[in-house]
Amino acid sequence: MEKYFALCLLLYGIAGCLSDDITYVNGFYSKTAQKLSKYSWFGNVRLHHFRVPEDTVLVRWLLTVTRGSAMNCGNQNITVHFRSGAPPVINPINTEFPNSTSVTLAHNITLLVPSGQGSNVTLFNVTHPKPGDWFMAAHMPKDDGKIEQQGLPSCSYLFQPQMFVRRAADLPVLTHDIPLHQTLTAKEASALFKVFVPELSSRLDVFIQNISWKGNSAVLSITLGVSTLWPGSLVTVNCSQLEPCSASLSTPPWNTWVLVTIETGQPNTTVDFNISANVTVGCKPLSVSSNFHTSAFIFPQSNSSVATGNESLSVTNQQRLGGNSSEPVCMRTPTVFRDEQDVLSLRFIVSSNLNVTSDLPTVLTLDLDSTADSGGTFVVQLLLNTSALVGGFGSVKACLTPAAPVINVNTSKQCYTAFTKGYSLSVSKNESRVLLRIPFPEAAMWYLSLQTLCNDSVDCKNTSAIVSVSVSVTACIEDCGPYGECRLLRTNGYLYAACVCKAGWQGWGCTDGSTAQSFSRQMAAALLLTLSNLFFIPPIIVALYRGYHTEAAVYFFTMFFSTFYHACDQPGVTVMCIMDYDTLQFCDFLGSVVSVWVTILCMARLLEPVKYMLFMGGTLVISMVMQLDRRGLWNLLGPVIFSLVIMVTAWTYRSVKRHHCYPPSWRRWVLFLLPGIVSAVIGVCVYVFAQTDINYFYTHSIWHMMVATSVVFLLPPREKHIPPWGWTHKICGYKLCKNEKEEFYTVSGT
């Protein structure tokens, strides 16, 4: 009921929050509720992907968190991260990022689910959001390392986001130097416009003229841009009584509609004004020849003059070849080859000898405009050829920005465009190599601008350098290193990658070793988990001695695969896998459950045909269940309960038939059954309730020892007519003699 009441309030608020001069339409988008997890790596988050339409003026997210059980779980905090253009980069447990990695953490909010309530409904508003892809990631606090068994009662939480969109269907368009007349009344305190910024634009100006006030004078404000929840995504200018009033953007985003908002904060005031916009194209690059050169395409790494022919031209020749263009040539734009290799595997190939000069910047266009490229890591590397420096060389400065390039690299103190702070790189004689990694890059057209900076010498006109540029998109940073594994994740068809770390290592690339396990601890864990399986040797010997050969084979199967599964399952460097990990895991889980199954059925002392039929049928069913879900609690409880029912039924039948408790001997109960049951219960309690990520290697070893010990006590004694080791054959010279109560036969030799 609470959720639907919030929904009604939301729709009412959207309907009346904006002016009625423009035609608005509403949209509603919903995602399926997902179970939240405690955070230990990025795979624990629940990532949701939304698409905000063009000309959206308001987005309201309805965030619903519901407790999935009636247990007394206490207060619980849920963190939700928001980002436009790519999945959010988060660091809830404050780990260190790898070297040469540049990150900006996403905006986040915290939702509280009190202990006395079963849900939390929160509204999160974004006015004038950036159109395109928006992502939100939700998770619970840090994982405490407790290993929870599936099927046991636990505190679970479901998270469901819903998006309500208010979109302008007929937003007025500002064209070049054509003013529009607009009136703001007391009811309508804001006006919205949009202006298109074409490629190669260097400046955007918005002018307000002929301002006329009716009533109290007030201050108009001009806001350019859309909200991305990051600082600098909006530029606001307050207009005083002087006119004309203008707002300007240097290096605006190319091929993009820029939203213009005019507001007045004075009530009971009407204002008339004219508004216009002007887009300036300050310069253009040299137009590239239309000839397609096959050699440059097939051999992009070669020093082909075709691929870099426009780089060797002087400024005079470039201006001369510019044709009838009135704008001077202000940048070089080498050809860039985009090579898609695999999922989240992409590289950009440019000339291996990129000539960077001080007179004009060299701008590389890197197309990451596809959403499919934003789920990996953007890697840029520069290598300076220190033996090919010309003139008064100081350094090569590079600036990596989305949406628009920085043209004046040598004069810009910081790497900024209109709404975005870029990434600066620099190489010099002292530091000839530089590396930059950007996790989850924004899906946009990126630009890498390079220019040579001079030293303190007087003559800096003809300074140049040769730089090798390597640009790629990889799934994970250095494939997560030796202590991590790179995994591809998917949410509603969107693919992204993250590192899951081992041996106590943490971080985005598994490079934070503050909690890493030492080699001695890794070796101790490996030895305990593997050698503890040797406790199955006594059950194997006892089973063979008492004639239970099938049970002994099952125990040996369990010991063998449990040993090598744990040898393969170890984190870090103490790993040995004799076969595929999944196969070892399946055989280990199967052997553990079947060992319990055959032991309890053996205790029931059924007729051999019935016993072996149950052995085989139960093993087949357990194999099927293990293939469906290996970690389910009922995978073990089901066979245990069913076999105990069979055993109790058989013992009850014998007790009634013999008019005596079965087993009849008190020594059997006190010296064997009771210790075996206690040992099994201790092992199960340790396995279910005591295991954590930190103590796993010795608590799980205790589980191995307790279960193996319980089998020694619980196996029934040998049948009277079966000799030790169950061997009923005797070698009598040339004769194999068998002498049993049921049958007599002799096989004679020649």
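Here are the numbers for the structure shown:
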quantity	calculated
Additional length obtainable on full extension of the chain from Val500 to Ile677, 0.36 nm per residue less Cα span	59.8 nm
Per residue convex hull volume, Cα atoms of region 391-527, in Å³	169 Å³
Of Lys142/Lys502; Lys35/Lys142; Lys657/Lys720, pairs whose Cα-Cα distance is over 18 Å	Lys657/Lys720
Cα convex hull volume per residue for region 632-684 (Å³)	59 Å³
Selected from Leu224, Asn268, Phe159, residue furthest toward positive end of dipole (region 153-272; charges at beta carbon)	Phe159
Radius of gyration and Dmax over the Cα atoms of region 484-541, both given in Å	17.9, 54
Per residue, in Å², the accessible surface of region 160-211 once ligands and nucleic acids are set aside, probe 1.4 Å	44 Å²
GluC sites (Glu not before Pro) within region 404-509, DSSP loop, no more than 16 other Cβ atoms inside 10 Å	Glu431
Protection proxy ranking, peptides 667-678, 582-593, average beta carbon neighbours within 10 Å, highest first	582-593, 667-678
Spatial extent of region 527-606: Rg and Dmax, with the Cα atoms as the point set, Å	13.7, 48
Met616 paired with Thr127, simple spin-label distance in nm, labels 7 Å along Cα-to-beta-carbon	7.7 nm
Environment charge of Ser276, counting only residues whose C-beta is closer than 10 Å and scoring Lys/Arg +1, Asp/Glu -1	-2
Cut-off 14 Å, label 7 Å out along Cα→Cβ of Gln627, residues of region 570-595 by amide N	583, 586-587, 590
Radius of gyration and Dmax over the Cα atoms of region 579-660, both given in Å	14.7, 54
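The values are calculated or read from the model by the stated rules, or taken from the named source; none is laboratory data. Model, not experiment: these values are computed from the prediction. Every residue, glycine as well, gets a Cβ built from its backbone with ideal geometry; the counts of neighbours run over all protein chains shown. Surface areas here come from the heavy atoms of the whole protein model, side chains and all, with no ligands, DNA or RNA. Shrake-Rupley method; radii C 1.70, N 1.55, O 1.52, S 1.80 Å.
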